[in-house]
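Take a look at the structure below.
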Amino acid sequence: MEDERKTNKQVMLGELGKYCIDISKLVFGGVVLAGIMKLDVNRALLFGLGTVVVLLTVSAGLICILLANSNKEK
């Protein structure tokens, strides 16, 4: 029973990691598209905030994936 619980936790952490990385790709694409379009937006704020969000979500995703893989080895 406990092995099954650990396995479920590992799977959930792995999926959460993949989800965070997918979100970061979507944010990156949105920033690029918003930068290309001729909209009246503050480009420095757009690229700065977009970069921060992308880096945070990628790091969270990688941390979740690493945690899921480190629990497998135990």
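Every number in this text was worked out from the coordinates using simple rules, so none of it is lab data. Note that the structure is predicted; figures quoted are calculated from it, not measured.
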If you line up the long axis of helix 43-73 against the longest principal axis of the chain, both from Cα atoms, how many degrees apart are they, to the nearest 10? 10
Can you give me the pair-distance distribution of the chain, C-alpha pairs, 10 Å bins, whole percents? 20, 35, 21, 15, 7, 1
Mean residue ellipticity at 222 nm from the helices of the chain, using -39,500 (n - 2.57) per DSSP H segment of n ≥ 4 over the full residue count, to the nearest 500 deg cm²/dmol? -32500 deg cm²/dmol
Treating the angle as unsigned and between 0 and 90°, give the value, to the nearest 10°, between the Cα long axis of helix 2-36 and the longest Cα principal axis of the chain. 10
Taking the chain and dividing mean pair separation by its residue count, relative contact order in percent (alpha carbons under 8 Å, at least six apart): 55
